[in-house]
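Undergrad: Structure below; questions to follow.
The values are calculated or read from the model by the stated rules, or taken from the named source; none is laboratory data. For clarity, every value in this text was computed on a predicted model and none was experimentally measured. A quick note on method: Cβ atoms are made from the backbone with ideal geometry, for glycine too, and the neighbour counts reach across all protein chains shown.
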Amino acid sequence: MFMVGRTNNTVYEYALTTGFDLSTASYTSNSFSVSQETSTRGMQFNSDGTRMITVGINNDTVYQYNLSTGFDITTASYSSLSFSVASQATVPLGITGNPDLSKFYIIEN
């Protein structure tokens, strides 16, 4: 399980000993700093975990990251690819996409 912290713009990894049971979650000490945005609000992986996208409210931009090992955020790096959603969403609070991230959807305030 992964979550993004909006004040420090970091993706954090948690392990669940039982799938979909939050009572079994524990922090793995793995994290990845998203330095392209100063107020990250959402993130999403593609189906094999080799690509991650994030969105935030300061730049209103989607950023893409590559992971050399699927779902291992310690192998993540910025791909230098981004897309502004400012003309559609001035306060993007979340993002989700289809499995290969050929489409993504922004949740706005």
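Undergrad: For Q44, are the conditions met, namely being in a strand (DSSP E or B) and not hydrophobic (A, V, I, L, M, F, W, C)? Full working, then the answer.
TA: Numbers: in a strand (DSSP E or B): yes; not hydrophobic (A, V, I, L, M, F, W, C): yes.
When the stated conditions are applied, Q44 passes them.
Undergrad: What are the pairs, 6+ residues apart or on separate chains, where a residue within segment 75-101 that is touching a residue at least 12 places away in the same chain (Cβ under 8 Å) has its Cβ under 8 Å from a residue that is loosely packed, with under 11 Cβ neighbours inside 10 Å and in a strand (DSSP E or B)?
TA: I95/Y105; T96/Y105; G97/Y105
Undergrad: Look at G56 and say whether it is among the small types (G, A, S), under 23 Å from A86 (Cβ atoms), surrounded by 18 or more Cβ atoms within 10 Å (Cβ to Cβ) and over 9 Å from the mean Cα position of the chain (by Cα).
TA: Details: among the small types (G, A, S): yes; under 23 Å from A86 (Cβ atoms): yes; surrounded by 18 or more Cβ atoms within 10 Å (Cβ to Cβ): yes; over 9 Å from the mean Cα position of the chain (by Cα): yes.
So G56 passes the test.
Undergrad: Give the residues of segment 14-30 that are modelled with pLDDT of 95 or more and not in a helix (DSSP H, G or I), sorted by residue number.
TA: Y14, A15, L16, T17, T18, D21, A25, S26, Y27, T28, S29, N30
Undergrad: Here is a further query. Looking at (1) in contact with a Gly (Cβ under 8 Å, 6 or more places away or on another chain); (2) surrounded by 14 or more Cβ atoms within 10 Å (Cβ to Cβ), find the lone condition where G70 falls short.
TA: Failed condition: (2).
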